[in-house]
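**Q** Please see the structure below; I have some questions.
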Amino acid sequence: MSGSKPGREGQASYANRYGDVAVLIPCFNEEKTVGKVVTDFRGALTGANILVFDNESTDNTAAVAQMNGATVIHAPRRGKGNVVKQMFEQVDAEVYITVDGDDTYPASAAQELVAEFRKGGVDMIVGVRESSVEDHSYRRFHRFGNRLVASLISRLFSIKLTDVMSGYRVLSKEFVKSVPLKSKGFEVETEMTLQAATKDFVIREVPVQYGSRPEGSYSKLNTFSDGFLVLKAILIIFKDYKPLIFFSSLSGVLVIISAIAGSGAVADYLKTGQVYRLPSAVLATGTMILAALSLSIGLILDTLSKYHNENFQLLRRLVKKQQ
């Protein structure tokens with residue numbers, strides 16, 4: 001009958017329709033915002049498991065989170081990357097949502113993100129941050145840096161991305177339980193994106209409104225030091241997962257240096273049969289040897305990387321069977 005209320009079984013099903021979802025909230029000194037974040041997600045995702053990982057906060061973050069209905073877990077190793085690794089190791093769920101505890105990401109978008117994820121064929125949904133022209137929550141320099149890094153990753157890994165540093169994500173169990181993370185700090189979001197791209201996980205982006213921190217709340221992100229760590233993470237992962245391109249590019253640079261350094265010595269030898277610029281000749285020879293070694297290293301590591309990738313695909317199959 002139209003307009004009738006669901007029976008007890010229907011009500012129980014509705015109340016637990018997000019029972020397979022874990023909302024993971026890493027926090028450090030977020031007592032002013034974490035209560036609202038927990039409350040908002042409890043309301044948006046009925047039945048979801050809301051977990052706050054308190055990273056040695058010196059304020060009342062843990063107490064406020066618990067008071068508002070979250071399960072609080074102590075995360076002793078400082079750094080967001082360390083907290084994310086702990087979350088992935090300890091929590092078992094079918095769908096994982098990671099979100100910051102600073103109340104800048106809307107819980108109201110969670111249902112849409114989960115619905116998009118449940119359509120299938122995707123391992124990572126990234127909430128792409130958008131803000132109005134009047135809203136200065138997304139600082140212009142941070143936006144520029146994010147776009148620059150996203151463009152660099154898109155070119156290096158042949159994938160179209162616009163926001164690689166968003167802290168609002170929906171992740172599959174397969175990704176969470178099979179991908180090893182190395183980052184210790186705020187570069188962990190970039191590493192998650194890179195790991196997904198290099199290991200053939202499917203990434204999809206969905207725009208979400210990005211808000212301002214409330215008065216009295218402050219960001220722990222350092223633009224320059226954390227930006228350097230992000231670029232370092234990109235370089236390391238590119239070296240590890242695209243070694244042939246990395247070392248052959250290095251080899252090409254060394255060949256150019258060798259050619260420039262040795263051009264004078266070669267010209268002298270062709271004219272007189274003598275080498276007068278001995279230091280330049282030694283430099284050119286040594287640089288050319290390094291170029292050959294770099295190319296050889298790239299070829300060897302490329303073979304090892306392909307072998308590692310084959311083993312990882314087998315691991316993915318095992319994780320799928322356990323679901």
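**Q** Could you please give the count of residues in the stretch 1-40 that are modelled with pLDDT under 50, surrounded by 11 or more Cβ atoms within 10 Å (Cβ to Cβ) and either on the phi > 0 side of the Ramachandran plot or in contact with a Leu (Cβ under 7 Å, 6 or more places away or on another chain) (or both)?
**A** 0
**Q** Looking for whichever is at pLDDT 90 or above, over 22 Å from L113 (Cα atoms) and either among the hydroxyl-bearing types (S, T, Y) or out of contact with any Pro (no Cβ under 6 Å at 6 or more places or on another chain) (or both) here; the options are L181, L156, L171. Which one fits? Before you say what the answer is, go through the steps one by one.
**A** Working: L156 fails: at pLDDT 90 or above; L171 fails: over 22 Å from L113 (Cα atoms).
L181 is the lone residue from the list that is at pLDDT 90 or above, over 22 Å from L113 (Cα atoms) and either among the hydroxyl-bearing types (S, T, Y) or out of contact with any Pro (no Cβ under 6 Å at 6 or more places or on another chain) (or both).
**Q** If I153 meets every condition in (1) farther than 17 Å from V126 by Cα; (2) not in a loop (DSSP other than H, G, I, E, B) apart from one, which number is that one?
**A** (1)
**Q** Identify the residue in the stretch 41-70 that is at positive phi and over 25 Å from the mean Cα position of the chain (by Cα) and, among all such residues, is surrounded by the fewest Cβ atoms within 10 Å (Cβ to Cβ). If you could, list the steps in order and put the result at the bottom.
**A** Going residue by residue through the stretch 41-70, those that are at positive phi are 47, 56, 69.
After this cut, where a residue has to be over 25 Å from the mean Cα position of the chain (by Cα) as well, the list is 47, 69.
Values: G47: 15, G69: 12.
Out of the qualifying residues, it is G69.
**Q** Right, here's the next one. Those residues that are buried (at least 18 other Cβ atoms within 10 Å of the Cβ) and more than 30 Å from D240 (Cβ to Cβ), I need them from the stretch 254-306; list them, please.
**A** Result: A261, G262, A265, R277, S280, A281, A284.
**Q** Take the stretch 71-90 and flag every residue that is assigned to a loop (DSSP other than H, G, I, E, B) and open to solvent by 10 Å² or more (accessible area, probe 1.4 Å).
**A** P76, R77, R78, G79
**Q** Now for a different question. Q90: more than 26 Å from V179 (Cβ to Cβ) and free of Cβ contacts under 8 Å to residues at least 24 places away in the same chain, yes or no?
**A** On the way: more than 26 Å from V179 (Cβ to Cβ): no; free of Cβ contacts under 8 Å to residues at least 24 places away in the same chain: yes.
So Q90 does not fit the description; no.
**Q** Also, quick follow-up: Please enumerate the residues belonging to the stretch 92-105 that are crowded, with 18+ Cβ neighbours inside 10 Å and either assigned to a helix (DSSP H, G or I) or out of contact with any Cys (no Cβ under 6 Å at 6 or more places or on another chain) (or both).
**A** Step one: of the stretch 92-105, the residues crowded, with 18+ Cβ neighbours inside 10 Å are 93, 95-105.
A93, V95, Y96, I97, T98, V99, D100, D102, D103, T104, Y105, listed by residue number.
**Q** Being out of contact with any strand residue (DSSP E or B) (no Cβ under 9 Å at 6 or more places or on another chain), at pLDDT below 90 and crowded, with 16+ Cβ neighbours inside 10 Å, is that true of even one residue in the stretch 241-248?
**A** yes
**Q** Name the residues in the stretch 171-188 that are aromatic (F, W, Y) and in a helix (DSSP H, G or I), would you?
**A** F175, the sole residue that qualifies.
The values are calculated or read from the model by the stated rules, or taken from the named source; none is laboratory data. It should be emphasised that the depicted structure is a prediction, and the values quoted were computed from it without experimental measurement. All Cβ positions, even for glycine, are placed from backbone atoms using ideal geometry, and neighbour counts span all protein chains on display. SASA here: full protein model, heavy atoms, side chains in, ligands and nucleic acids out. Shrake-Rupley method; radii C 1.70, N 1.55, O 1.52, S 1.80 Å.
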